[in-house]
Amino acid sequence: MKSSRRSTLLGAAVIALTAGLSLSGAAFAAGGTILQVVGDIEGGAESGQFDLERLDTLPQNSFTTTTIWTEGEAEFSGPTLKSILAEVGAEGKPVKAFALNEYNVELELGTIEADVPIIATRADGKPLSRRDKGPLWIVFPYDSSEKYKNEVIYMESVWHLYKLQVGAE
Ligand SMILES: Nc1nc2c(c(=O)[nH]1)N[C@H]1C(S)=C(S)[C@@H](COP(=O)(O)O)O[C@H]1N2
Ligand SMILES: [Mo]
């Protein structure tokens, strides 16, 4: 009795430790949903659930740029925002981006181009950790044009992105 209780406690401790580690690290790569697209989408609620693997199957873009929030250049890569919206039948509809820290912003439709922005899944080929504004970050090629250096674009550069809400609320 005593020893089985102890092993139960030990098991609970191991589970708690594992859960703690997975929250802090790159464990999101293990297959869970990292982006939810909700609202006015086609194909039902499941069609709006994206894990990293599914994001990797969508049309990708990558570019090297500095950002006003990070040091030095990095090559950001990930699916285009447009390809995600197309995937769920949400192109041309209003879309609001939500961050884990409760920040949210309505995206101006005119800023969503064919290849830009991307939902960056990686910087220099490595998954973005929370410390690097991951696991997902809406990134524009800031250095490539003056049109990507303004407050609207900066506002839309949502890091810790986890949800896109499609359609009017
Ligand atoms: N997750 C998240 N992304 C965010 C924000 C935020 O608070 N949280 N702020 C936005 C705004 S309003 C701007 S202008 C830019 C710049 O934020 P900064 O004030 O930290 O430079 O990041 C954008 N992305
Ligand atoms: Mo801002």
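For the reader, a short list of remarks on this structure follows.
- Carbon and sulfur %, accessible surface of the stretch 99-169 computed with the full protein complex present, 1.4 Å: 47 percent
- Overall Cα dimensions of the stretch 20-169 - principal axes, largest extent first, Å: 41, 39, 28
- Note, ³J(HN,Hα) from phi for the stretch 85-102, Karplus 6.51, -1.76, 1.60, rounded to Hz, x at Gly and Pro: 5, 5, 4, 10, x, 10, 4, x, 8, x, 9, 10, 9, 10, 9, 4, 8, 6
- Judged by the mean number of other Cβ atoms found within 10 Å, the most tightly packed of the peptides 57-67, 126-136, 42-52 leads the ranking 126-136, 57-67, 42-52.
- Candidate cross-link partners of Lys96 among the lysines, defined by an alpha-carbon separation under 30 Å and a same-chain spacing of 8 or more, comprise Lys82, Lys126, Lys133, Lys147, Lys149, Lys163.
- Alpha-carbon Rg/Rh ratio, for the stretch 64-140, with Rh computed the Kirkwood way: 0.96
- The stretch 87-169, accessible area per residue, ligands and nucleic acids excluded (1.4 Å, Å²): 48 Å²
- Annotation note: GluC sites (Glu not before Pro) in the stretch 68-119 located in DSSP loop regions with a Cβ neighbour count of at most 15 within 10 Å are Glu71, Glu73, Glu91, Glu102, Glu108, Glu113.
The values are calculated or read from the model by the stated rules, or taken from the named source; none is laboratory data. Everything numeric here is computed off the predicted structure, so don't read it as measured data. A quick note on method: Cβ atoms are made from the backbone with ideal geometry, for glycine too, and the neighbour counts reach across all protein chains shown. Remember, those area values only see protein heavy atoms, side chains included, never the ligands or the DNA or RNA. Shrake-Rupley method; radii C 1.70, N 1.55, O 1.52, S 1.80 Å.
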